[in-house]
Number of protein chains: 2
Amino acid sequence: MKLYLLKNGVNPRRVRIFLAEKKVRLGEDLPVEEFDMESMGHKKPDYLAKNPLGTLPALELDDGTVISESVAICRYFEEMITEPVLMGRGALGAATVEMWNRRMELELLLPTIDAFVHTHPFWVGKRPQIAGWGEARRGQLVARMTWLDGELKDRPFIAGDTYSIADITAQVALLTARGALKLPVPDDHANLARWYAAVSARPTARA
Amino acid sequence: MKLYLLKNGVNPRRVRIFLAEKKVRLGEDLPVEEFDMESMGHKKPDYLAKNPLGTLPALELDDGTVISESVAICRYFEEMITEPVLMGRGALGAATVEMWNRRMELELLLPTIDAFVHTHPFWVGKRPQIAGWGEARRGQLVARMTWLDGELKDRPFIAGDTYSIADITAQVALLTARGALKLPVPDDHANLARWYAAVSARPTARA
C-alpha cells in the first residue's frame, strides 16, 4: 500500500490529519510518495497511469487499485480502522457527519481554494484565473465564517459532541484562509475562535 | 418524517432517484413538501428556521432533526434500507463509490450547475453571474465528458459492475447539461451514450 501526497497540499493535509487521528504513522505504517509543485510529478505519465485526473492525494493498494479523492481515502481507513469514529456511526450519526463535512467543503473549503487559485500570484501561469470569481468566493468565505460562528454557539465540534472529519475539513479550510488569503478568524467570532484554537491544539493538527 | 424538495431542482432529483431505487414512494411512504422558484418558500423564515442555509433538499425527522445535503440524506436511507446497495459495501466498495460519486460531483455536476447559474438568462437577477467563470466551467464539462467516455469503455456503470449513487449523480448532471446548457452527450462518445441510454431507461430515471 502507498499514499501519494502533494507537499503543502490543502486536500492532502485532510488525509494526513485523518490518518494521524487513526494512529497511522506515515512513512512507517504506510509508505508515502510526496510530489511537489516544482517538479509536478503528479502530471507526468507514471502517475497519470495510476490516476488519469492527476489529482492528489491517492491511495494505491497492493493489488494496484488506486483510490483518489480525499474523503474516499478517509472512508477506506474509517472502515479498516474503526476507532476513533470520525465519519459517524448509525444512520443518523453517519448522515449528520456527512451533512456537516459537505457543508464545510461547499461553504468553506471550496470557496477558500477558489479564492486562492483565482486571485493569488502563486497561481499565475499555472491555472486560468478569473479574478471576479475569486473575489466572489472570498466574500462567500467571510460570510460563512460568521454563519459558522453562530452554529458553534452550543456545541464543541462542527458535527456535535465529538471531533469528526467535518472538523478536519473546516480546520484545513481556515488554516488555508489564514495563510494563503490572509483571512484569519475575526476576533469578534468568539465561538469560531474557541473551536479553532481547540482543534489547532490537537497533536494531529500539524500532521 | 418529511422531505423538502425544490420543483425541477437538480440536487433534489438525485434524492428522488435514490429513493425510487430504494422503493420509497414519495408522498405515500414519505410525506413531501415541494417549494418552487416562484414563491421561494425555502428562503422564508419557516424553512430557514429548519435549515439556515436555505438549501434543498432536506429531510426532517420526527424529532425535528433536519438533515440537509443530498448525499447526507441518501446516506441516511442507505443505512436504514440496506437493499439495493447504492453506496458500496466494505472498505474497498464504499471507498470506490465515494471516489466515483465525488468525481461525478466535482468534474460533472458542479461544472454543469456553475455553467447554468453563471450564463443562463433564468438566473439573471436571482444570482450574481460571472460569465467568464460559467464559460470556463462549460469547457471543463465538455472535456470531462470525453474523459468519462474513455472510463466507461470496459464497465457497465460509473463505479463498476453495479448501479450506484455515482450513476445517479452523473445522470442528473448530463440531464441538466442537455436541458439547461444544450450540451447533449456527443454522438461520437459511444461508451458514454450507451451508459446514458441505459440509466435513462431505468424505471426510476424520471422520479
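The values are calculated or read from the model by the stated rules, or taken from the named source; none is laboratory data. These numbers come from a predicted model, not from an experiment. Reconstructed Cβ throughout: ideal geometry from the backbone, glycine too, with neighbour counts over all protein chains shown.
Checking residue A:79 against (1) touching a helix residue (DSSP H, G or I) at 6+ places or on another chain (Cβ under 6 Å); (2) buried (at least 18 other Cβ atoms within 10 Å of the Cβ), which single condition isn't satisfied?
Of (1) touching a helix residue (DSSP H, G or I) at 6+ places or on another chain (Cβ under 6 Å); (2) buried (at least 18 other Cβ atoms within 10 Å of the Cβ), only one is false for residue A:79: (2).
Cβ-Cβ below 8 Å, separation at least six or inter-chain, first residue in region A:17-40 and closer than 19 Å to residue A:61 by Cα and among the acidic types (Asp, Glu), second modelled with pLDDT of 95 or more and surrounded by 14 or more Cβ atoms within 10 Å (Cβ to Cβ): which pairs?
A:33/A:2; A:33/A:3; A:33/A:4; A:33/A:5; A:34/A:4; A:34/A:5; A:34/A:6
Restricting attention to region B:51-81, report how many residues are within 20 Å of residue B:168 (Cα to Cα), assigned to a strand (DSSP E or B) and among the hydrophobic types (A, V, I, L, M, F, W, C).
The qualifying residues number 3.
So, in region B:63-76, exactly how many residues are within 18 Å of residue B:21 (Cα to Cα) and more than 8 Å from chain A (Cβ to nearest Cβ)?
Going through region B:63-76 one residue at a time, the tally reaches 2.
Residue-wise test of (1) among the hydrophobic types (A, V, I, L, M, F, W, C); (2) more than 19 Å from the chain's Cα centre (by Cα).
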residue	(1), (2)
A:22	no, no
A:33	no, no
A:40	yes, yes
A:44	no, yes
A:48	yes, yes
A:52	no, yes
A:56	yes, no
A:59	yes, no
A:65	no, yes
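Given the conditions (1) of a type in the set (D, E, K, R); (2) more than 30 Å from residue B:146 (Cβ to Cβ); (3) in contact with a Lys or Arg (Cβ under 8 Å, 6 or more places away or on another chain), which single one is not true for residue B:28?
So the condition that residue B:28 fails would be (3).
Which helices (runs of 4 or more DSSP H) does region A:85-194 wholly contain that include 3 or more residues that are buried (at least 19 other Cβ atoms within 10 Å of the Cβ), of a type in the set (Gly, Ala, Ser) and more than 14 Å from chain B (Cβ to nearest Cβ)?
Answer list for region A:85-194: A:165-181.
Does residue B:41 satisfy the condition of being of a type in the set (Gly, Ala, Ser) and within 14 Å of chain A (Cβ to nearest Cβ)?
Taking the combined requirement at face value, the residue does not satisfy it.
On the phi > 0 side of the Ramachandran plot, surrounded by fewer than 16 Cβ atoms within 10 Å (Cβ to Cβ) and modelled with pLDDT of 95 or more: is that true of residue B:64 in this structure?
Yes: the conditions hold for residue B:64.
To keep it simple, each residue is scored yes or no on (1) outside any loop (DSSP other than H, G, I, E, B); (2) of a type in the set (A, V, I, L, M, F, W, C); (3) away from every other protein chain (no Cβ under 13 Å).
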position: A:8; (1), (2), (3): no, no, yes
position: A:11; (1), (2), (3): yes, no, no
position: A:19; (1), (2), (3): yes, yes, yes
position: A:48; (1), (2), (3): yes, yes, no
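Residues A:5, A:61, A:19, A:30: which one is among the hydrophobic types (A, V, I, L, M, F, W, C) and over 21 Å from residue B:93 (Cβ atoms)?
A:5
A quick yes/no check of all residues on (1) within 28 Å of residue B:72 (Cα to Cα); (2) of a type in the set (D, E, K, R); (3) at pLDDT 95 or above:
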{"position": "B:145", "(1), (2), (3)": "yes, no, yes"}
{"position": "B:148", "(1), (2), (3)": "yes, no, yes"}
{"position": "B:160", "(1), (2), (3)": "yes, no, yes"}
{"position": "B:167", "(1), (2), (3)": "yes, yes, yes"}
{"position": "B:184", "(1), (2), (3)": "no, no, yes"}
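Can you tell which of B:106, B:26, B:92 is at pLDDT 95 or above and within 21 Å of residue B:176 (Cα to Cα)?
Of the residues listed, the single one that is at pLDDT 95 or above and within 21 Å of residue B:176 (Cα to Cα) is B:106.
Quick check, is residue B:204 in contact (Cβ under 8 Å) with a residue 60 or more places away in the chain, within 28 Å of residue B:73 (Cα to Cα) and in a helix (DSSP H, G or I)?
The answer is no for residue B:204.
I'm told residue B:200 meets every condition in (1) in contact with a Gly (Cβ under 8 Å, 6 or more places away or on another chain); (2) under 21 Å from residue B:84 (Cβ atoms) except one. Can you identify the failing condition by its number?
Exception for residue B:200: condition (1).
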